[in-house]
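Some notes on the structure that comes next.
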Amino acid sequence: MRDLASTESQALRKGAFSQIDRIQVEKESVRTQIDELETLSEGEVSRHAGDEDVKQIVAQIMQMDRESNEHLLREMDALKVEADNQSQARTNIRRVQGAYTKRLSPVNWEAYT
């Protein structure tokens, strides 16, 4: 799971979204297998919860997930800024276009034969 989280984080930074989809499917498969290994009742704690190695690995995975989430939030913010800039540019172009078309007088074409 740790290796998958690490690979997912690297793929995210590269923008390899098809690879991320594949990794998330693999992670879900691993989660399902983990759940099947040890079924817990509501509120029950895993027998591995006190294992320091397990705690360390879980902490590493959670840290990678947090970093990936923060990276995605920064990317979303940058995309929102870009979308706002493009929207403003379209508005400006329409205003300029409107200013010039109002000043021009209509053209009447006549044909003589």
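Values quoted throughout were computed directly from the atomic coordinates according to the rules given, and no laboratory measurement underlies them. Quantities reported herein were computed from a predicted structural model and do not represent experimental measurements. Quick reminder, even Gly has a Cβ in these numbers, built from the backbone with ideal geometry, and neighbours come from all protein chains shown.
General remarks:
- Placing a pseudo-label 7 Å from each Cα along the Cα-to-Cβ vector at residue 39 and residue 93 gives an inter-label distance of 6.1 nm.
- Taking each DSSP H run with n ≥ 4 as -39500 (n - 2.57) and averaging over every residue of the chain yields -27500 deg cm²/dmol at 222 nm.
- Magnitude of the charge dipole, the chain, Cβ model with Lys/Arg +1 and Asp/Glu -1, debye to 20: 1320 debye
- Residue 16 paired with residue 110, simple spin-label distance in nm, labels 7 Å along Cα-to-beta-carbon: 7.1 nm
- Using only the C-alpha atoms, the convex hull of the chain corresponds to 226 Å³ per residue.
- Highest-first packing order for the peptide set 21-30, 45-54 is 21-30, 45-54, based on the mean count of other beta carbon atoms within 10 Å.
- Of the residues 87, 49, 63, the one whose Cα sits farthest towards the positive end of the charge dipole of region 2-103 is 87 (charges of +1 on Lys and Arg Cβ, -1 on Asp and Glu Cβ, taken about the Cα centre).
- Pairwise FRET efficiency - residue 81 versus residue 27, Cβ, R0 = 30 Å, nearest 0.05: 0.45
- Cα-based helix-to-principal-axis angle, 2-14 vs the chain, degrees rounded to 10: 10 degrees
- The residues packed around residue 64, meaning those with a beta-carbon under 10 Å from its beta-carbon, carry a net charge of -1 if Lys and Arg are +1 and Asp and Glu are -1.
- Surrounding net charge for residue 82, when Lys and Arg each add one and Asp and Glu each subtract one, Cβ distance under 15 Å: 0
- In region 2-103, lysine pairs with alpha-carbon atoms under 30 angstrom apart (chain gap of 8 or more, or interchain): 5
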